[in-house]
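A quick write-up on the structure given underneath.
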Amino acid sequence: MEQTEIIEPIQETMEEMYVNMGPQHPSTHGVLRLMLKLDGEVVTEITPYIGYLHRCHEKIGENRIYTQVIPYTDRLDYLASMYNNFGYVLTVERLMGLQVPERAEYMRVILAEMQRIASHLIWMGTFGLDLGNFTIFMYCFREREKILDLFESVSGQRLNYSFYRIGGMPLDLPDSFLTDCKAFLEWFKPRLPEYDAVMTDNIIFQKRVQGIGKLDQKTAIDYAISGPMLRGSGIKWDLRRNDPYSIYDRFEFEIPVGSTGDVWDRYMVRRLEMAESVKIVEQALRDLPPGEIMGKVPKKLKPLAGDIYSRVESPRGELGFYIASDGSEKPYRYKVRSPAFVNLSVLPVIGAGHLVADMVAILGSIDIVLGEVDR
Amino acid sequence: MEKSMERFYAAFAALGVPSIVPQLILMLVVASLVILFISVSVMFMIWWERKISAHIQVRYGPMRVGGWHGWAQSIADGIKLLIKEDVIPAGADKLVFALAPMVVFAAALAAYVIIPFGPNLIVRDLNIGVLFYISISSLTVVGIIMAGWSSNNKYSVLGALRSAAQAVSYEVPLVVSILGVIMTVGSLSMIQIVEAQQRIWFVIPQFVGFLIYLTAALAECNRLPFDIPEAESELVAGFHVEYSGMRFAIFFLAEYANMFTVAAIATTLFLGGWHGPLLPPWLWFLIKTYFIIFVMMWLRWTLARLRVDQLMNLGWKVLLPLAFLNMGITGLVLVLLG
Amino acid sequence: MTVIQVVFFLVAAFTTAAAFLVVLAKNIVHCAIALVFTFFGVAALYVLLDAEFLAAVQVLLYVGGITILLLFAIMLTSRISARGVKIMNEQVGVSAVVVFAIFALMAIASLKGFALVGSPPPASYATASLGRLLLTTYVLPFEAVSILLLAAMVGAIILARREREKD
Amino acid sequence: MTPEEIIQTIMSQFGEAVKASEVKGVEARMDVDRGKNYEILLALKGMGFDYLNCISSVDRIASGDLEAVYNLSSLNESAKAMVRVRVPREDPVIRSVVPIWSAANWHEREAFDLMGIRFEGHPDLRRILTSEDWVGHPLRKDYQDERLVPYEPA
């Protein structure tokens, strides 16, 4: 077994200073560690060090039967657990060729889009914290709390739902859900202009985020950036539209895109996406058919030998699962292509050359969740 | 007032004690009163800020300690900070580290000498009044630099550097913005400035100066949107990263005491000091001061933080020329009116 | 002994101690911080002499301006603050002679000459008369100094600009 | 371009280097020789596959190989591609594709870290998820950690 060489201690010169940002730092959103090379206040070089939250997610997955992996996926992107469940069960279903009942599909979309709103709300709040705007954080959490209440009424959990099953859904929606969810949406829609008043329209905020952290389209594709970051760069690419899964092709929604790819564009894309998700949920609630929620699934899940890569558009971007099966009850190899991991890899490119304060804003605009980056 | 002082001295003279003793006693009493006032006022301000921020953010804030709306929360926090362990980092320069909070607090304390709470409620009406405040406030920066450097922490050094740059740049517009008022009154004495505002508060003729002063004062107190020296998301806590317990409490105390000072100076210079109908003068003074403090808190919980270069641009390219313009126009008007 | 005298001796001792620290401290940041206290002590002496305006300006310019810039410069060159500074060098003998000569001169002057100086003008007029003097009798040196400062400022800007162009 | 056409084109260019191929939906799947891995992926990029979704690594312990799986797609077309490369466990070296897609950088570091595939020409092949001084590659099927205590039910 070869051993990697340990990096030599860094020599500081007169002009440059190395600052270790993280793993414990308020604005690294978890246990990310960034080695910053500073020239005064200007960041000349960023080296991310990740893995502080590595917990052998993939190795564990290989030692569990297919159903047992679902609860572990919750812990990947813990701000969008529903979506991780969604991506995983979809992959296994595709691997086995399982059909999912209509009602279950609608339930999946409703919950997933609500999750997207909740995840974007957290992002917006913490992004406010990064820029020193503390109030938006509380506003966003107020709304997210209501979404979590809804999720609790559905699944009994508030963060790690483990609610999707291979082949369908485990429980039907509670009776009150339809009215509660509609009431929430009606209540939520006027909240978006409220965020604009606090954040979007604020001139200080605009001056802080416009024109920094520019990510051009070529670099974005080269680094396989996905999700709101890619759309912020002006590429109209959304897997819900471009590689439709589940029943997303039945809904009408816009794909907001930015123009220059700066932090402001990424902010606006997420801000507008919340409204689009509301539209999708409204349509899904309207069309929600009655019927079965669990498809025909064998007692023992034994996919044929083979492998598959399948992807969904999680709130952070392309969440992919690669599963190689050897015909047994357990995945032979189970790999997660996490959007935050890939999106973070572009930080040294778009973050260098900015002031420390801008670097923090840029990092915030990437929207990382370390549970997913480190797996 | 004066009579009772004379009687006080006479009583000691009758006992054959040298006059130094009553003088010292008097000084100590006044100093203790000021410190007492600062402590109570700061505790109130902290509680108030928590309440204001909570209501801006649709929550309640402290509700438990002390019963009614958690009024004793600050006291509880203060006690907690006092009994915490005093940690000095291993690599720190111990002497400077220990000295820094004292310097900051001493500067904050000294400024209270010239605050006119009422017609006779002033520690000493210095004839250099405003200038005294301006000069003493620059001491705070020395304390901050000492704290930042002695902590032996890169974040705190960065915070100290930012703080020094900010203070040096914003002191200039601050001073120039005050000049309009001083030119109108023709005196630096706080009492005379207040008395000159019997008919009209200077906030009306000197509105631009007032706005510049308020902006620069926010920067002087390191409050959001100018809290760059302690920007949490960038420098963790800036210059006081390594401070805890009692020493941290002193920094905190000084910060809020400074906030009160700049608000009190704004009241004196622009809002007519203790003038006002019906209510007693000292109450008017406090009402106006706390109103300005409220505005500062309001801004803090509404706005985002500026970036370093934006801060410098605002200071040098916007506030300073505006302040000079204000000063020039004021001078012109004064000359034309004779 | 009056309070003023007590305060004077306390302040004088404080100032002298701080001044000694400026030259004797091994760490250059300590020197700079001691310098702050020295300036502050001098300002306090001005106050005792009823020259409050001068005291305020002393604090404002020397403490708030010059030493902060000094500290700023020291901190930006991070290596200096970490290293001990040599207090003595080969010129120590020469400077000792000079220092003692100046000290003797001042001692003689203060013992003999200061009695001749009249009592200070009333305090309340000090500031106004200072301003009047600056703009009447001493207007030429005043303006000369401003031109000097202006030239220094322009020079600084040119230097800073050139640095940037080099990058 | 349909997946069949993609396989056709690659086969005609590289012949024997493509060991097996398969079409699954819109996905063209190829098992390729490790010597021609870089060239085939470069050709695929020339055909419009500008987006490297993922590089997965699989330990095919039964045949004594390690496998790298490249998932490619395009932002302009619906076609996808999956390229598998096998390298022997004793000499797990493949040419890095970082020059083709920068996205490969962290994926290859991860594959190196957890599976022990060495990518030749990678600009900065360091461990990424485990600590710098970690010994071994945890995702290999025969990975053993002497610090692990076997689980014994009570």
Within region D:110-154, how many residues turn out to be within 30 Å of residue D:36 (Cα to Cα) and either assigned to a helix (DSSP H, G or I) or without any contact (Cβ under 8 Å) to a residue 60 or more places away in the chain (or both)?
23
Selected residue (criterion: modelled with the highest pLDDT) from residues of region C:67-114 that are within 14 Å of chain B (Cβ to nearest Cβ) and not in a helix (DSSP H, G or I):
C:77
All but one of (1) hydrophobic (A, V, I, L, M, F, W, C); (2) part of a helix (DSSP H, G or I); (3) within 16 Å of the chain's Cα centre (by Cα) hold for residue A:264; state the number of the condition that does not hold.
(3)
Looking at (1) touching a helix residue (DSSP H, G or I) at 6+ places or on another chain (Cβ under 6 Å); (2) in contact (Cβ under 8 Å) with a residue 24 or more places away in the chain; (3) closer than 26 Å to residue B:119 by Cβ, which one does residue B:286 not meet, given that it meets all the others?
(1)
Whether any residue in region A:217-233 is under 19 Å from the mean Cα position of the chain (by Cα), among the polar types (S, T, N, Q) and crowded, with 20+ Cβ neighbours inside 10 Å is what I want to check.
yes
Could you count how many residues in region C:14-66 are within 9 Å of another protein chain (Cβ to nearest Cβ) and at positive phi?
0
Can you report the number of residues in region A:130-187 which are of a type in the set (Phe, Trp, Tyr) and closer than 30 Å to residue B:236 by Cβ?
4
Checking residue A:270 against (1) in contact with a helix residue (DSSP H, G or I) (Cβ under 6 Å, 6 or more places away or on another chain); (2) assigned to a helix (DSSP H, G or I); (3) within 14 Å of chain D (Cβ to nearest Cβ), which test does it fail?
(3)
Which condition number in (1) closer than 22 Å to residue B:248 by Cα; (2) within 14 Å of another protein chain (Cβ to nearest Cβ) is the one that residue B:126 fails?
(1)
Looking at (1) more than 9 Å from chain A (Cβ to nearest Cβ); (2) surrounded by 19 or more Cβ atoms within 10 Å (Cβ to Cβ); (3) in a helix (DSSP H, G or I), find the lone condition where residue D:4 falls short.
(2)
Condition check: modelled with pLDDT of 90 or more and surrounded by fewer than 17 Cβ atoms within 10 Å (Cβ to Cβ). Does residue A:197 satisfy that?
no
If you take the residues in region A:99-128 that are within 14 Å of chain B (Cβ to nearest Cβ) and in contact with a Gly (Cβ under 8 Å, 6 or more places away or on another chain), which one is nearest to residue A:365 (Cα to Cα)?
A:127
Selected residue [within 12 Å of chain C (Cβ to nearest Cβ), of a type in the set (S, T, N, Q) and in contact with a His (Cβ under 8 Å, 6 or more places away or on another chain)] from B:156, B:137, B:169, B:150:
B:156
If residue D:112 satisfies all but one of (1) more than 30 Å from residue D:46 (Cβ to Cβ); (2) at the interface with chain A (Cβ under 9 Å from one of its Cβ atoms), what's the number of the condition it fails?
(1)
Single unsatisfied condition, residue B:79 versus (1) crowded, with 17+ Cβ neighbours inside 10 Å; (2) more than 14 Å from chain A (Cβ to nearest Cβ); (3) under 26 Å from the mean Cα position of the chain (by Cα)
(1)
For the list (1) closer than 24 Å to residue B:117 by Cβ; (2) away from chain A (no Cβ under 14 Å); (3) out of contact with any Phe, Trp or Tyr (no Cβ under 9 Å at 6 or more places or on another chain); (4) touching a residue at least 12 places away in the same chain (Cβ under 8 Å), I need the number of the one condition that residue B:195 fails.
(4)
Considering only region A:21-79, state which residues are over 13 Å from residue A:375 (Cα atoms), over 20 Å from the mean Cα position of the chain (by Cα) and of a type in the set (Val, Ile, Thr).
A:42, A:43, A:44, A:46, A:47, A:65, A:67
Are any of the residues in region A:304-326 within 30 Å of residue A:123 (Cβ to Cβ) and among the acidic types (Asp, Glu)?
yes
Which of the residues that make up region B:118-140 are modelled with pLDDT of 80 or more and under 13 Å from residue B:268 (Cα atoms)?
B:130, B:133
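The values are calculated or read from the model by the stated rules, or taken from the named source; none is laboratory data. Model, not experiment: these values are computed from the prediction. FYI the Cβ positions are ideal-geometry reconstructions off the backbone, even for glycines, and counts take in every protein chain you see.
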